[in-house]
1. Taking the condition under 27 Å from B:Asn38 (Cβ atoms) and either among the small types (Gly, Ala, Ser) or crowded, with 18+ Cβ neighbours inside 10 Å (or both), does A:Val187 pass?
2. Could you check segment B:117-130 and list, in sequence order, the residues that are more than 14 Å from chain A (Cβ to nearest Cβ) and surrounded by fewer than 23 Cβ atoms within 10 Å (Cβ to Cβ)?
3. Looking at B:Glu114, B:Glu96, B:Glu67, which one is surrounded by fewer than 22 Cβ atoms within 10 Å (Cβ to Cβ) and in contact with a helix residue (DSSP H, G or I) (Cβ under 9 Å, 6 or more places away or on another chain)?
4. What do you reckon, is B:Ile223 more than 25 Å from B:Ala80 (Cα to Cα) and either of a type in the set (Val, Ile, Thr) or touching a Phe, Trp or Tyr at 6+ places or on another chain (Cβ under 6 Å) (or both)?
5. What is the one condition in (1) under 21 Å from A:Leu45 (Cα atoms); (2) crowded, with 20+ Cβ neighbours inside 10 Å that A:Ile201 does not satisfy?
6. Is it the case that some residue within segment A:94-106 is free of Cβ contacts under 8 Å to residues at least 40 places away in the same chain and within 14 Å of chain B (Cβ to nearest Cβ)?
7. Counting only residues that are at pLDDT 95 or above and aliphatic (A, V, I, L, M), which one in segment B:72-93 is surrounded by the fewest Cβ atoms within 10 Å (Cβ to Cβ)?
8. Residues in segment B:136-176 that are surrounded by 23 or more Cβ atoms within 10 Å (Cβ to Cβ) and either out of contact with any Leu (no Cβ under 8 Å at 6 or more places or on another chain) or more than 14 Å from every other protein chain (Cβ to nearest Cβ) (or both): how many?
Amino acid sequence: MKEKETGVREIAYPGQVLGDKKEFLPGVGTFEEDGKIISKFLGILTKSGNYISVVPLAGVYVPKPGEHVIGIITAVEKVGWVVDINSPWESFLSLSEAVDEFIDVKRVMLNRYYDEGDVIYAQIASAKRGDVQLSMRGPSCKKLKDGVLVKITPSKVPRLIGKEGSMINLIKEKTGTMIRVGQNGVVWISGEKVDKAIVAIKKIDEKSHIYGLTDEITKLLSD
Amino acid sequence: MVKIKGIELIKDGKRLDGRKPFETREVEMKVGIIPNANGSAMVRFGKTTAIAAVYGPRLLLPKHLQEMDKAIIQCRYNMAPFSTDERIKPGTSRREMEISKVVRLALEPVLFLENYPKTTIDVYIEIIQADGSTRVTSVNAASLALADAGIPMKDLVVALSGGKINGQLILDLNGIEDNNSEADVPMAFMPNKKHITLLQMDGELKHEEISKLINEMFKAGEIIYKKQIEALKNRYSE
């Protein structure tokens with residue numbers, strides 16, 4: 001077991017030379033040039049195995065196929081829905097990816113399935129050149145009713161979830177809430193002590209670069 | 001433009017403000033000053049102060065401006081009406097349009113734009129106090145703001161101005177020196193590989209002089225580079 005560290009995690013800046021190609025492999029958030037591994041972002045430096053990677057501390061969400069996101073329906077079209085997924089690009093949920101039964105689009109209004117303002121938990125089906133397609137075919141995909149939405153920095157979602165969901169389970173237990181986290185940095189919360197959970201989530205967003213965050217959150221939630 | 005006659009701008013190796021020829025002014029840098037922007041920074045060289053704010057990457061509209069395979073940068077350099085001794089008319093002047101473009105071109109080579117098709121990265125630079133070398137101050141501020149916004153970059157951009165007064169090469173010109181100089185050379189570069197992204201010259205310099213000046217600017221740029229790194233790390237201190 002490594003000795004417990006305190007203070008700020010090691011921060012890398014863009015253009016920082018992190019290591020040599022012979023010793024390490026370039027991970028996420030880095031690139032290689034002339035046999036050297038260089039950081040792309042201002043972010044937290046992490047070394048796991050031979051890989052060096054940099055987790056950015058800011059930035060927008062770039063959709064990747066297979067990821068789950070939380071989106072808000074912004075428009076109902078003829079054969080699908082336009083969804084805001086907190087990313088630079090709009091995404092589209094087509095009818096065939098959303099509903100199983102046969103629908104005669106001439107007779108049925110699509111807003112009986114999803115209407116403007118509805119919140120959905122969906123999967124990214126494809127994302128090419130800024131054209132993002134969503135799908136509701138996954139087992140966990142559904143419409144989210146009630147609840148509150150909170151936005152955090154997308155790159156900090158893994159920190160919020162923690163190792164095997166340790167952090168998010170801690171918040172769920174202590175506040176008695178149901179929480180769903182989209183990879184796009186949108187968090188849906190519903191339950192008793194929603195306000196307390198929001199405070200904890202905001203704190204994780206702000207202080208993700210500091211060691212001993214779990215202890216701090218435990219303390220915050222126990223009060 | 002204040003032209004001073006009869007005053008020696010450089011005397012016994014000291015300039016009007018007491019600096020040595022190759023000494024820069026006091027530099028102050030702060031990152032993350034505008035909460036509503038994706039990234040922001042303030043850079044001060046002596047009295048010259050620039051504030052940069054970065055918004056995006058965000059969807060670019062109208063659609064015909066979109067690039068299908070990369071993001072574009074839109075840059076605006078603006079001098080506040082109260083930034084100079086004499087009030088300047090609000091609105092974009094010819095000079096401001098030129099500097100907006102030059103700053104954009106200085107930043108473009110360091111960004112990985114291919115990750116964000118159809119989008120724009122908006123860089124807004126406000127000069128709230130001008131005392132010479134405003135374009136290099138803007139480049140420094142924009143470089144920090146882009147890093148703060150979490151946009152992938154190959155390197156930071158360090159910028160510095162050089163020039164010549166009374167036959168003596170100098171660095172980091174202030175307002176009076178700028179207006180009375182024999183030559184004025186703003187330069188921006190990527191410190192890792194020493195690639196120059198911006199080099200302009202107003203005035204006349206000899207062949208040897210320009211190479212000497214560029215070398216001196218690379219040397220002094222290291223100090224500014226360290227300040228940039230320090231400012232970025234301070235953003236995420238406790």
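The values are calculated or read from the model by the stated rules, or taken from the named source; none is laboratory data. Just so it is clear, the model here is predicted, and its values are computed rather than measured. Cβ sites come from the backbone with ideal geometry, for glycine too, and all protein chains shown count toward neighbours.
1. Criteria met by A:Val187.
2. Within segment B:117-130, B:Tyr124, B:Glu126, B:Ile128, B:Gln129, B:Ala130 meet the criteria.
3. On the way: B:Glu114 fails: in contact with a helix residue (DSSP H, G or I) (Cβ under 9 Å, 6 or more places away or on another chain); B:Glu96 fails: in contact with a helix residue (DSSP H, G or I) (Cβ under 9 Å, 6 or more places away or on another chain).
Step by step, each of B:Glu114, B:Glu96, B:Glu67 is checked, and only B:Glu67 is surrounded by fewer than 22 Cβ atoms within 10 Å (Cβ to Cβ) and in contact with a helix residue (DSSP H, G or I) (Cβ under 9 Å, 6 or more places away or on another chain).
4. yes
5. Result: A:Ile201 passes all but (1).
6. The answer is no, given that none of the residues of segment A:94-106 is free of Cβ contacts under 8 Å to residues at least 40 places away in the same chain and within 14 Å of chain B (Cβ to nearest Cβ).
7. That would be B:Ala80.
8. Residues in segment B:136-176 being surrounded by 23 or more Cβ atoms within 10 Å (Cβ to Cβ) and either out of contact with any Leu (no Cβ under 8 Å at 6 or more places or on another chain) or more than 14 Å from every other protein chain (Cβ to nearest Cβ) (or both): 20 in total.
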